[in-house]
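Accompanying notes for the structure given below.
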Amino acid sequence: MFYRIADIEGIGVDYARKLEKAGVTTTEHLLAKAHDPKARGLLAAQTGIGEKFLAQWVAMANLMRVKGIGRQYSELLLAVGVDSTSKLLAAKPQELVRLMDEQQKARKLVGGVPKLAEVEQWQNELRAPAFAHAK
């Protein structure tokens, strides 16, 4: 599942314009053009956007590929240290829900915290062969 680049939390109008000028209009484009540190460095030089921001947005775009995560939950997952689908898959669902609940109470990042069943569904999707082929 891919989104417009401006759908990533933290990418405002100015950053979106810079990315669009570099040919990055969707999360799919961002993942393709900034998939590793070298590529992020090139995109940073091309856009004037810091590599730290690009790395964060790439992590969020990667998580947003999982059905049901979307822009807000990707930000919440990042806040608890889950910055990749492999970390999401390795996490214990109950612990992850607990951590997200704590982070939400402290920072009010999203409207609510996903339920345990949602987190388990995310992990099930990541285990599916179809997801592996969609990378």
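Yes/no per residue for (1) modelled with pLDDT under 95; (2) assigned to a loop (DSSP other than H, G, I, E, B); (3) at positive phi; (4) touching a strand residue (DSSP E or B) at 6+ places or on another chain (Cβ under 8 Å):
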site: PHE2; (1), (2), (3), (4): yes, yes, no, yes
site: GLY10; (1), (2), (3), (4): yes, yes, yes, no
site: ARG17; (1), (2), (3), (4): no, no, no, no
site: GLU20; (1), (2), (3), (4): no, no, no, no
site: ALA32; (1), (2), (3), (4): no, no, no, no
site: GLY41; (1), (2), (3), (4): no, no, no, no
site: GLN46; (1), (2), (3), (4): no, no, no, no
site: LYS52; (1), (2), (3), (4): no, no, no, no
For this session: Filter region 1-41 down to residues that are among the hydrophobic types (A, V, I, L, M, F, W, C) and loosely packed, with under 14 Cβ neighbours inside 10 Å and give me whichever is nearest to the chain's Cα centre (by Cα).
Result: MET1
Exercise. What pairs can you find where one residue is in region 84-103 and in contact (Cβ under 8 Å) with a residue 40 or more places away in the chain and closer than 16 Å to LEU126 by Cα, the other is of a type outside the set (D, E, K, R) and in a helix (DSSP H, G or I), and their Cβ atoms are less than 7 Å apart, with a gap of 6+ or different chains?
Worked result: THR85/ASN62; THR85/LEU63; THR85/LEU126
Problem set entry | Residues of region 85-135 satisfying the condition of being touching a Phe, Trp or Tyr at 6+ places or on another chain (Cβ under 7 Å) and either within 14 Å of GLU75 (Cα to Cα) or loosely packed, with under 15 Cβ neighbours inside 10 Å (or both) | LEU88, VAL110, PRO114
For this session: Give me the pairs, please: first residue somewhere in region 8-33 and free of Cβ contacts under 8 Å to residues at least 40 places away in the same chain, second residue anywhere and surrounded by fewer than 17 Cβ atoms within 10 Å (Cβ to Cβ) and among the polar types (S, T, N, Q), beta-carbon distance under 6 Å, and either six or more positions apart or on two chains.
Result: ALA22/GLN46
For this session: Please specify each residue of region 75-107 satisfying the condition of being part of a helix (DSSP H, G or I), within 28 Å of ASP36 (Cα to Cα) and basic (Lys, Arg).
Result: LYS87
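The values are calculated or read from the model by the stated rules, or taken from the named source; none is laboratory data. Just so you know, these numbers come straight off a predicted model, no measurement behind them. Glycine also receives a Cβ, built like all others from the backbone with ideal geometry; neighbour counts cover every protein chain displayed.
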